[in-house]
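A.B. asks: Let me begin by handing over the structure; questions about it come next.
The values are calculated or read from the model by the stated rules, or taken from the named source; none is laboratory data. For clarity, every value in this text was computed on a predicted model and none was experimentally measured. Neighbour counts are summed over all protein chains in view; Cβ atoms, including those assigned to glycine, are modelled from backbone coordinates with ideal geometry. Only protein heavy atoms, including side chains, enter the accessible area calculation; ligands, DNA and RNA are left aside. Shrake-Rupley method; radii C 1.70, N 1.55, O 1.52, S 1.80 Å.
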Amino acid sequence: MLRALRRASDRRRHAEGEYGWLFHPYTGNEMVAIDCETTGLDTRCAELVSIAAVKVRDGRVLTSESLDLRLQRPASLNGDSIRIHGLRGIDLAGGDCVEEALDKLLDFIGNRPLMGWCLDFDITILNRHLRPRFGFDLPNSLIEVSQRYVRDLRRAHPEIEPNLRFEAVAKALDVPVIGRHTALGDAVTAALMYLRLEKGAMRGD
């Protein structure tokens, strides 16, 4: 409810601005899968390390139409987060500043619907950086792939308790795990999961 109210307020304030087009209803046939790698799991303070997005159209993940950004080394980058995403300080040399990365992301995703795995985490962190710099949250409609998986599994096999580990869901859907804990790899894998669910994977279609 709060997100909807904030979106309506943002739409009114930015309707005539540079990014007003982001608030228009989307009428195309594309979606975008997104993922972020960060320095931690606390949405209040985690900093962005990398952002990736890939377009999905006509039942295909368009890896040739993707965005894969590395950001400048954040102050909170440490060994614990490096062990997860593998991006060291030297790997982030020459990366985008946060504002540049967000500007590129907005241009790429436009007003298309967004999908992802643990999408609320990524959106919360992106919005935490977007609002002070651009004055709004992402207005896009959102699809959480894990929720879609649980819904379809319970309808088809109510006796099975869902295992919501990323790798377990990919295996259940017969989807390859591509570059786990890289932003682009996780975005592509989540998109493939979604397409399998759209094709009725839980029903055996």
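A.B. asks: Residues that are on the phi > 0 side of the Ramachandran plot, open to solvent by 30 Å² or more (accessible area, probe 1.4 Å) and either in contact (Cβ under 8 Å) with a residue 24 or more places away in the chain or over 10 Å from the mean Cα position of the chain (by Cα) (or both): does the range 192-203 have at least one?
C.D. replies: No, every residue in the range 192-203 fails to be on the phi > 0 side of the Ramachandran plot, open to solvent by 30 Å² or more (accessible area, probe 1.4 Å) and either in contact (Cβ under 8 Å) with a residue 24 or more places away in the chain or over 10 Å from the mean Cα position of the chain (by Cα) (or both).
A.B. asks: Shifting gears a bit: Can you find a residue in the range 73-92 that is among the hydrophobic types (A, V, I, L, M, F, W, C), under 18 Å from residue 184 (Cα atoms), surrounded by 12 or more Cβ atoms within 10 Å (Cβ to Cβ) and at pLDDT 90 or above?
C.D. replies: Taking every residue of the range 73-92 in turn, none turns out to be among the hydrophobic types (A, V, I, L, M, F, W, C), under 18 Å from residue 184 (Cα atoms), surrounded by 12 or more Cβ atoms within 10 Å (Cβ to Cβ) and at pLDDT 90 or above.
Let's see how each residue does on (1) open to solvent by less than 30 Å² (accessible area, probe 1.4 Å); (2) of a type in the set (A, V, I, L, M, F, W, C); (3) touching a residue at least 60 places away in the same chain (Cβ under 8 Å); (4) farther than 22 Å from residue 122 by Cβ:
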residue	(1), (2), (3), (4)
11	no, no, yes, no
16	no, no, no, yes
19	yes, no, yes, no
25	no, no, yes, yes
45	no, yes, no, no
48	yes, yes, yes, no
59	no, no, yes, yes
64	no, no, no, yes
68	no, no, yes, no
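A.B. asks: Please enumerate the residues belonging to the range 120-135 that are touching a residue at least 24 places away in the same chain (Cβ under 8 Å), buried (at least 16 other Cβ atoms within 10 Å of the Cβ) and touching a Gly at 6+ places or on another chain (Cβ under 9 Å).
C.D. replies: Answer for the range 120-135, where residues must be touching a residue at least 24 places away in the same chain (Cβ under 8 Å), buried (at least 16 other Cβ atoms within 10 Å of the Cβ) and touching a Gly at 6+ places or on another chain (Cβ under 9 Å): just 122.
A.B. asks: Next question. Kindly indicate which of 179, 185 is at pLDDT below 95 and closer than 23 Å to residue 66 by Cα.
C.D. replies: Only one candidate qualifies: 179.
A.B. asks: Just a yes or no: is a residue in the range 149-163 aliphatic (A, V, I, L, M), under 13 Å from the mean Cα position of the chain (by Cα) and open to solvent by less than 20 Å² (accessible area, probe 1.4 Å)?
C.D. replies: No: zero hits.
A.B. asks: Could you tell me how many of the residues in the range 32-42 are modelled with pLDDT of 95 or more and open to solvent by 30 Å² or more (accessible area, probe 1.4 Å)?
C.D. replies: Summing the residues that are modelled with pLDDT of 95 or more and open to solvent by 30 Å² or more (accessible area, probe 1.4 Å) in the range 32-42 gives 0.
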